[in-house]
Amino acid sequence: MASSGARSTTSPGLFLLLLAAFAAGASAAPLTITNHCSYTVWPAVVPISRGIELRPSANWTLDVPSGSDIWGRTGCSFDKGGRGSCQTGDCGGLQCASGSSSNPAVTKAELSVYQGSYYYGITTLNGFNLPLDFSCSSGDALRCREAGCHVAFPYQKYYQHTCGASGSQLQVVFCP
């Protein structure tokens, strides 16, 4: 077969980078976390390894990827390098690197993005530490105000809903 001699100037690495960026954007969800507690909460958002100090009445808005776990940590103390611990929901520092806390008794919001829909739920499988609402602007509001909320299966405390992703906003509220 004859070759025209023309060469592509697009590197495979650049193509893969652009493809990964497109895929990440397509599966990210806009999320606002609000603290209505009378005390500071340090939300943990994994897998993006993010965490901040969220004072009472404060909000934090970010894009989270599919497969995210969100939970509140309380009674935290961190140094300037982010090293420290929390009384509840601790994950070994300000930035959480895994989807679980070393103190597993947490109220956890979970999110998946699949084929144009958000699948969201609250689990108290390992315990409860904060009242939590998780809602989608085009779907239902899930409410977990006490230990043992939303029992859907005999051995698992889990409750899940879905909503269309297009134009929808997700919100987690601590101490609603």
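Values as computed for the structure displayed
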read-out: Cβ-based net charge around residue 129, under 13 Å, with every Lys or Arg adding one and every Asp or Glu removing one; value: +1
read-out: Approximate spin-label separation residue 63-residue 77, in nm, with each point projected 7 Å along Cα-to-Cβ; value: 3.8
read-out: In order through segment 112-119: 3J(HN,Hα) via Karplus (6.51 cos²θ - 1.76 cosθ + 1.60), integer Hz, x for Gly, Pro; value: 10, 10, 8, 6, x, 9, 9, 10
read-out: Amide H partners (placed H, <5 Å) of residue 64, local residues excluded; value: 29, 31
read-out: 12 Å beta-carbon shell around residue 74, net charge (K/R +1, D/E -1); value: -1
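No value in this document is a laboratory result; all are computed from the given coordinates. Note that the structure is a prediction, hence the values are computed from the model and not measured. Quick reminder, even Gly has a Cβ in these numbers, built from the backbone with ideal geometry, and neighbours come from all protein chains shown.
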